[in-house]
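The values are calculated or read from the model by the stated rules, or taken from the named source; none is laboratory data. Bear in mind that the values here come from a model prediction, so they are computed numbers and not experimental data. FYI the Cβ positions are ideal-geometry reconstructions off the backbone, even for glycines, and counts take in every protein chain you see. SASA here: full protein model, heavy atoms, side chains in, ligands and nucleic acids out. Shrake-Rupley method; radii C 1.70, N 1.55, O 1.52, S 1.80 Å.
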Amino acid sequence: MNKILLSILVSNLLFAQSTLLQDIEVIATDENREENIIFQKESFIQNAPMQHQITTKQAINTAGSNGDPLKAISSLAGVVTTGNDTGNELYIHGSKPRETKFTLNHIPLGYLFHMGGIHSVIAPEATSQIDAYLGGFDVTYGDAMGGVIDILPKYPSGSNKGRVHIGLYDADFAYDAKLGEDISLLISARRSYLDFLIADIVEERDKDKQDEDDTIRKFPEYSDAQLILSYTRGDHLFSIEAITAKDEVKLHTTANRTKDPLANGKLNFKSNFTTVGARWNYLGDEVESMTLISNMRSKGEFEFFDDDFFIKSNFKENKIYHETLFDVKNHKPLIGFEVQDMKVPYQAKIFEINVEDGKEQLISESEIIEVDKTYTSKVYTGFVQDIWDISDDDHLRYGVRASKVDFQNFGTIIDPRVAYVHDFDNTLSASIAIGKYSQMPNYGYVVDEFGNAKIDTLEMSNHYALNLSKKFSDNSSIVIEPYFKSFENLAIVDEVEKYKAVGDGEAYGVDLTYRKNIDNFDIIMAYTYAKSKRQTTTTNDKKYRLEGDIPHTLQLNTSYRFSNDWRLSSLFKYHSGQPYTPIIGAEDIQGESYKRPIYGESFSKRVPESYDLDIQIGKTFKYSDSSLEVVLELMNITELFRDNIEGYSYDDEYKSKKEEKGIGALPAIHVNYRF
């Protein structure tokens, strides 16, 4: 836990940058047709590998989403999460969570999920659709070796309609207001309220349990709000888009009082961010363009353990983004640029941890680092691309992205990318995508205070992906997508210089998805085979499993729409156990009462396989000018009969281990009143 904690704190607070979605086919009625329309972005070509789109309504009706469309990401093929339905660590086709990028149509976000992943920071009404790319994506996206999740905002229409939602864990509202002939405003806000309802009960209970390992000092609290102001003038759309989020929790732990004496005491977490962007969209007959100016401010404060370790960060990013696409006969050339200016005043008293993935270093024998410094970085990017319709059946997308990184000794990087699609007929297609993708290493690995400032090479991945799609006459289809990714210049642990950018790795696998529609019944069955391994240290050349290496994942997603406005959906998911590094013994430390664990081979063991079943049932009551929707969700139902094991903890002597179980079955109730 110690290394994970430090990695999250240092990298996310130092430079807070911020999985495969399958197209879900829905039979649209007159009432829901608009909500099920997929918008094709300028650089999108149909049936290219690893690029998939889903509307907000399709996502929110997925069992286990807990009323949040973005949580449907973790329930689909190719995506592995930690922590069942509360996890927010996404492993995408052999990539670490930090290697997947989240944006609001290129507007940066401080973070996507509230603490523990219980809910995203964006309201459904502010979300039009989710574009997800597992790999092979186009040149308009950068600084991501794994995947990209691009959330398209939903612009207000001036309908003067709203929604009020009351759930088991939080409440929120949204309203779409018409301010003028061409001006509309969407406002929305959410606030958790479990801290109001049960905080006093929990805190009073914990007063009498100070000798227990873990207690709650302030119950988790989260909130967020969004504003979208749009003005339409002919082919021009001007908008102001703002999003803010806040999270806070206070805990106290004594679980390591014997094993690691310094790693005991308070765990106080507070973070917030605000992003504001001004966007200009032009949609002409032969020219389309988007210009974006944004500012993000992300603050974080962490206080932990009795020795008063802390981190305070105030990340600021100013960004300009532009792209223009021309429609010239059978070509669609695109040109664009992106400029990012980042500044981070950073204060910390923190313990140094320099240990390979899957292992933990004792805080009690770590060097203490004190930092009071401001870090700055600028990135200048240009990109060009063309979509060439060679014929009615052949389509080629090719382009290049070049970036100059003005941070320490990092220089210029060039990433070429290409995708080709061949349609045999209107039911069968095959495609291939190849590209190079570069990303900054974890910033904690490349600054003097925490890592090796001599590192001057971006981490890099080569993507190779195929797609074979077939539609059948009985309203069914099958998609097969094999892939291979190689990784180079990975920053890995070095005994002398802390880290070196000499690591490599690979990931490969295949996704198979079958869809079937029978009147009001939809079924999606998906199987994913995935393998990934990487170097973790310079002491040897061996490649080890990635912590997200889950070889087999099988999912069955069903949905049935009754004629009387009832609906029922379910999601069953099986996956292989997550790998972990076992502790095989312990050694005495001279002059100390605690021991140092001895680890076996990295990620050589697995926890047992996992089974999850989520069920969602909803009913809509329609009135003349309003409606009331009631939804009941039961998540992790299988844990009523069988525990999912997520890891192991060891006793003070490291002789016996205890199973760390999942969060268990969770109910959720949602009441939505639309007016």
Report task. Scan the stretch 406-461 for residues that are farther than 30 Å from Ile45 by Cβ and of a type in the set (D, E, K, R) and jot them down. Result -> Asp406, Asp448, Glu449, Lys454, Asp456
Query raised in the report: For the stretch 428-446, which residues satisfy the criterion of being over 21 Å from Val510 (Cβ atoms) and open to solvent by 30 Å² or more (accessible area, probe 1.4 Å)?
Result: Lys436, Tyr445
Query raised in the report: Within the set of pairs 6+ apart or on separate chains, which have a first residue in the stretch 494-519 that is under 25 Å from Asp549 (Cβ atoms) and of a type in the set (A, V, I, L, M), a second that is open to solvent by less than 20 Å² (accessible area, probe 1.4 Å) and in a loop (DSSP other than H, G, I, E, B), and C-beta atoms under 7 Å apart?
Result: Ala501/Pro441; Ala501/Ile455; Ala507/His93; Ala507/Gly94
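Within the stretch 607-675, which strands (runs of 3 or more DSSP E) (wholly inside it) include 1 or more residues that are under 30 Å from Asn256 (Cα atoms) and of a type outside the set (Gly, Ala, Ser)?
Ranges flagged: 645-650, 657-661, 666-674.
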**Report entry** Answer residue from the stretch 361-372, given it is surrounded by 15 or more Cβ atoms within 10 Å (Cβ to Cβ) and not in a strand (DSSP E or B) and is modelled with the lowest pLDDT among those
**Finding:** Gln361
**Report entry** Candidates Thr254, Thr244, Thr215, filtered to the one that is surrounded by 15 or more Cβ atoms within 10 Å (Cβ to Cβ) and modelled with pLDDT of 95 or more
**Finding:** Thr244
Query - Residues (part of a loop (DSSP other than H, G, I, E, B), in contact with a Ser or Thr (Cβ under 9 Å, 6 or more places away or on another chain) and β-branched (Val, Ile, Thr)) located in the stretch 45-82 - result: Ile45, Thr62
**Report entry** First in the stretch 343-360 and assigned to a loop (DSSP other than H, G, I, E, B), second anywhere and of a type in the set (S, T, N, Q) and crowded, with 21+ Cβ neighbours inside 10 Å, Cβ under 7 Å, 6 or more apart
**Finding:** Glu356/Thr536; Glu356/Ser602; Asp357/Thr536; Asp357/Ser602; Gly358/Thr581; Gly358/Ser602; Lys359/Thr581
Report summary line: Residue count, the stretch 470-510, condition out of contact with any Phe, Trp or Tyr (no Cβ under 9 Å at 6 or more places or on another chain), part of a strand (DSSP E or B) and over 18 Å from Phe137 (Cβ atoms), comes to 10
Report summary line: Within the stretch 530-547, residues being assigned to a loop (DSSP other than H, G, I, E, B), closer than 20 Å to His575 by Cβ and open to solvent by 10 Å² or more (accessible area, probe 1.4 Å) number 1
Query raised in the report: Is it the case that some residue within the stretch 668-675 is of a type in the set (Gly, Ala, Ser) and more than 30 Å from Arg163 (Cβ to Cβ)?
Result: no
Query - Residue within the stretch 630-648 that is of a type in the set (Ser, Thr, Tyr), open to solvent by less than 80 Å² (accessible area, probe 1.4 Å) and farther than 30 Å from Asp176 by Cβ present - result: yes
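Only one residue in Leu490, Leu466, Leu458 is farther than 19 Å from Thr513 by Cβ, in contact with a strand residue (DSSP E or B) (Cβ under 9 Å, 6 or more places away or on another chain), open to solvent by 20 Å² or more (accessible area, probe 1.4 Å) and not β-branched (Val, Ile, Thr), so which one is that?
Just a single option satisfies the conditions, and that option is Leu458.
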Report task. Could you grab me the full set of residues in the stretch 411-436 that are farther than 17 Å from Ala144 by Cα, in a strand (DSSP E or B) and charged (D, E, K, R)? Result -> Asp423
Query - Extreme residue, modelled with the lowest pLDDT, among residues of the stretch 298-329 that are surrounded by fewer than 21 Cβ atoms within 10 Å (Cβ to Cβ) and in contact with a Gly (Cβ under 6 Å, 6 or more places away or on another chain) - result: Asp306
Report task. Considering only residues that are open to solvent by less than 40 Å² (accessible area, probe 1.4 Å) and at pLDDT below 90, look in the stretch 650-665 and name the one that is farthest from Gly67 (Cα to Cα). Result -> Gly662
Query - Set Lys57, Lys71: member being within 30 Å of Asn318 (Cα to Cα) and either modelled with pLDDT of 70 or more or crowded, with 24+ Cβ neighbours inside 10 Å (or both) - result: Lys71
Query raised in the report: If you scan the stretch 171-183, which residues turn out to be under 26 Å from Lys622 (Cα atoms) and either over 30 Å from the mean Cα position of the chain (by Cα) or open to solvent by 10 Å² or more (accessible area, probe 1.4 Å) (or both)?
Result: Ala171, Asp172, Phe173, Tyr175, Asp176, Ala177, Lys178
